[in-house]
Amino acid sequence: MKSHVMLLGRVLEDSSIQCRTSTTKDLNTILSRVENEGLSFLTITLPDFGKDFERGLDQGMVTPDLFPGFRRKAGLPVFLGGLLGLVFDTTSGVLLDVPSIEAIQCVRQVCYLFKRLELPCSSKRVTAAFDDYVECDKEVGIKAIALGRTRYARADFHRMSNILFSELLSEVNYLVYEGLLVPKHGPGSTADRLLGNAKYDCRSWTTRLEDAGFYSGEYLYTSWSHFAEDEKGPIYLEPEDEPPVRVVAVPKTLKAPRIIAIEPTYMQYVQQAIKEALVENIEQDDILNKFLGFTDQEVNRTMACYGSANSRSLATLDLSEASDRVSTWHVDCLIGNRTHLGIAVDACRSAKAEVPGHGIIALNKYASMGSALTFPLEAMVFLTVVFLGIESSLKTPMTRELFKSFIGKVRVYGDDIIVPVEHVQSVISTLEAFGLKVNARKSFWTGKFRESCGGDYYDGIDVSVVKARTDIPTSRKHVREIVSTVSLRNQMYFAGFWRTADYLDGKLEAVIPFPTTWPESPGLGRHTYLDYEIQRTCPNLQRPLVKAAVVKTVLPYSRVSGHGALLKYFLKRGDEPFADKNHLERAGRPEVLSIKLRYVTPY
């Protein structure tokens, strides 16, 4: 914990220099609070302070309900008072006409430095997260029943989805009907604990998948003859025999973990096929790709930046528990009468979940985070509801031409939504009417602050911050920490926090050689605005070399059978050969990371 406070002290020192104000008392406050409250002050209390700071920016003043737990002097907290005084009036707490952009960024950097520290939550917080997961699912079921009884909800939802996605859904429906979908295995964990190449030898299948037209003879084998030759054959699971998804907690913040569900291999296998068809068709559509994003977050960031500028025409909204609040009702209304697609997305959906502390529960949500279909389906659901809200605000029926007029004004990427400010209240009301939940603390439309997809902007200027992910390494054995700290150091340097970068230089030099290199170098190096370092010249190739730490990964041993190897070949995308010649022997996510010191090019 001492290293965390020391690092934050360097950030305060840089902030003091950039903003020409003292932060000495702020460091004393941090030392005192950490001594009494522990690491939670850095990872939970300070991020909450940052959220209140952003709320003050959005509403134009610091109100009495903001910054609880911090002593005030006149209108502002005493903590970070020097920096806050460059943004708000010290007496009234009203936002200054020309607040210091540097101070805004520095306050946020101090508050969010340790927000994403990847450390396990307390068992109490993990238990609470599982409880919230189950409670959320109950709410989804209740809301779905209420929506089903609402006279026009289904008709309105289906009508709007037809305006937006009619051609797309019909095309994917046709691909399902013709059996043209190509499945694939994802890289992650599975509920049946098959990893790497073992997934290609999976012989478990469900009768639901078989009845939906995903025939095991076509999906688990390279030909029907191989299917016939397999004396053991596939193991068919009836709905009541299907294993549940495994619900687990993964690190997010120390305030609460991220709850995900690990799907069975055969479910992920088919989900990936449908997902690919949906995403590829959306990205190839000249209209839909302007509204939905799956791979490029930069468009959302650009729109958020524009929305924060003087026009302030675009609002950024964030949804809470986004994927967990998309119900089977939403997906059913979205797909409508595309029978084959509807049967397909239902057949590859896991209907049960094993939740620690709660046993096996029947799911009301369509799928948790972890299903390959969650991301595209939730985005399509959100966009549908957003345009129902816009339609309500306009008080005129939505048409395809009117929909096109919102290009550059509406966009959805995951749970990050951008809409015109004049329609924001109607959109929020409609989202909540359809059972979704807007995160008020992370949604902005009143002031000049906007955030979307990791980009944070004030008045058209980037005020994004750098976040530490791991502890600072003390040994060469701490490979993950070394890689993360090198990244943190280089980001801090280019963000203008040079004393912070210098402090991290010293910590890294104590465990690895740390030469100055360009980002393209294979070695871990110090990136600067200056040229790269040269320590020696290669006698054979006559090129500069530096001694640096190089990260070495080892893929887990995972040998595949002959039929599985053939299946892997036929499922490969593209015409290029496999990059790794040993891919039939080793596959999956790296299980070993190590550091090797050797001479490499600095560029």
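Among the residues of the range 313-355, the ones that are surrounded by fewer than 19 Cβ atoms within 10 Å (Cβ to Cβ), small (Gly, Ala, Ser) and over 22 Å from Glu238 (Cα atoms) come to 2 in all. Residue pairs whose Cβ atoms lie under 9 Å apart, sitting 6 or more positions apart in sequence or on different chains, and linking a residue in the range 94-112 that is buried (at least 19 other Cβ atoms within 10 Å of the Cβ) to a partner that is in a strand (DSSP E or B) and of a type in the set (Val, Ile, Thr), are Ile104/Ile461; Gln105/Ile461.
Annotation: of all residues in the range 209-231 being within 12 Å of Ala347 (Cβ to Cβ) and among the charged types (D, E, K, R), the one that is surrounded by the most Cβ atoms within 10 Å (Cβ to Cβ) is Glu210. Take the conditions (1) at positive phi; (2) within 17 Å of the chain's Cα centre (by Cα); Leu292 misses just one of them, which is (1). Could we say that Ala322 is touching a residue at least 40 places away in the same chain (Cβ under 8 Å), assigned by TED's automatic domain parsing to the domain that holds Arg246 and not charged (D, E, K, R) here? Against the criterion (touching a residue at least 40 places away in the same chain (Cβ under 8 Å), assigned by TED's automatic domain parsing to the domain that holds Arg246 and not charged (D, E, K, R)), Ala322 qualifies. Do we find a residue being within 20 Å of Tyr200 (Cα to Cα) and outside the structural domain of Lys199 (by TED's automatic domain parsing) anywhere in the range 541-556? Checking the range 541-556: at least one residue is within 20 Å of Tyr200 (Cα to Cα) and outside the structural domain of Lys199 (by TED's automatic domain parsing).
Pairing each residue of the range 546-560 that is in a strand (DSSP E or B) with any residue that is aromatic (Phe, Trp, Tyr), provided the two are 6+ apart or on different chains, yields C-beta distances under 9 Å for Val546/Tyr532; Val546/Tyr599; Lys547/Tyr599; Ala548/Phe514; Ala548/Tyr599; Ala549/Phe514. Counting only helices (runs of 4 or more DSSP H) that sit wholly inside the range 63-162, those with at least 3 residues that are of a type in the set (Ser, Thr, Tyr) are 123-149.
Quick one: in the range 270-312, which of the residues that are in contact with a strand residue (DSSP E or B) (Cβ under 6 Å, 6 or more places away or on another chain) and among the small types (Gly, Ala, Ser) is surrounded by the most Cβ atoms within 10 Å (Cβ to Cβ)? Once the filter is applied, the top-ranked residue is Ser308. Specify the residue that is surrounded by the fewest Cβ atoms within 10 Å (Cβ to Cβ); the eligible residues are those in the range 159-199 that are of a type in the set (Val, Ile, Thr) and under 28 Å from the mean Cα position of the chain (by Cα). Step by step, filter the range 159-199, then rank; the result is Val182. Residue under question is Thr470, and the condition is that it be outside any helix (DSSP H, G or I), within 19 Å of the chain's Cα centre (by Cα), β-branched (Val, Ile, Thr) and surrounded by fewer than 19 Cβ atoms within 10 Å (Cβ to Cβ); does it hold? Criteria met by Thr470.
In the range 438-460, of all residues being surrounded by fewer than 16 Cβ atoms within 10 Å (Cβ to Cβ) and either of a type in the set (A, V, I, L, M, F, W, C) or under 23 Å from Ser392 (Cβ atoms) (or both), the one that is nearest to the chain's Cα centre (by Cα) corresponds to Asn439.
The values are calculated or read from the model by the stated rules, or taken from the named source; none is laboratory data. Just so it is clear, the structure is predicted and the values come from calculations on it, not from any experiment. As a convention, Cβ positions derive from the backbone with ideal geometry for all residues, glycine included, and neighbour counts pool all protein chains shown.
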